[in-house]
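Okay, so here's the structure we're looking at.
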Amino acid sequence: MLAYNIAALILFILANAFPLLTLRVQGVSSTATLIEASHALYLDGHVLLALVVFINTVLGPAAVILATCYVVVAARWLPRLALARWLLSRIGPINPWAMLDVFMLGILVSVVKLRDVAEVIIGPALYAFVVLIFVATAATAAFEPQLVWARLDRRHG
């Protein structure tokens, strides 16, 4: 379980550190990372959409990945970490805000539509993002909150 979360964390960092796509139109190139995509929406006046994209692609996934790593480490090796119980109760409500797969679908639709008007160059972050979706899904499937609660209760009490 921890291995999936560490892999997801590494892939998440890579997906945010490098460009997703480069668009080239009439010799002019434009490159964007996940955060720059949200920022571009904000600058274009789409404040609410920029916020939703940021929450669903950066803040939500980061919160779920980091909270799950912390809780798993606490349950396994550091039973007295008080924050672990609080975070464990918050992972479920936060998880729906980590919509990586929905964002990926949006990227794919955009790429297909833009191919007619621009040259689309896939960046390294898009590859990391695709793998992240699968690893994050595996991490979510492997995470069993009831077992973690039981382990925290045994070690905390």
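Scanning region 47-76 for residues that are under 16 Å from residue 150 (Cβ atoms) and loosely packed, with under 15 Cβ neighbours inside 10 Å yields one hit, 76.
Matching residues to (1) without any contact (Cβ under 8 Å) to a residue 12 or more places away in the chain; (2) surrounded by 15 or more Cβ atoms within 10 Å (Cβ to Cβ):
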| site | (1), (2) |
| --- | --- |
| 95 | no, yes |
| 99 | no, yes |
| 110 | yes, no |
| 114 | no, no |
| 121 | no, no |
| 126 | no, yes |
| 135 | no, yes |
| 140 | no, yes |
| 143 | no, yes |
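The numbered conditions (1) closer than 17 Å to residue 23 by Cβ; (2) open to solvent by 60 Å² or more (accessible area, probe 1.4 Å); (3) of a type in the set (Val, Ile, Thr) are all true for residue 131 except (1). Out of (1) crowded, with 18+ Cβ neighbours inside 10 Å; (2) within 13 Å of the chain's Cα centre (by Cα), what's the single condition that is false for residue 35? Of the numbered conditions (1) crowded, with 18+ Cβ neighbours inside 10 Å; (2) within 13 Å of the chain's Cα centre (by Cα), the odd one out for residue 35 is (1). The residues of region 110-157 that are of a type in the set (D, E, K, R) and closer than 27 Å to residue 94 by Cα, listed by number, are 144, 151, 153, 154, 155.
The values are calculated or read from the model by the stated rules, or taken from the named source; none is laboratory data. All figures in this text were calculated on a predicted structure; none of them were measured in a lab. Heads up, the Cβs are rebuilt from the backbone with ideal geometry, glycines too, and the neighbour counts pull from every protein chain shown. Ligands, DNA and RNA are excluded from the accessible area calculation, which covers all protein heavy atoms including side chains. Shrake-Rupley method; radii C 1.70, N 1.55, O 1.52, S 1.80 Å.
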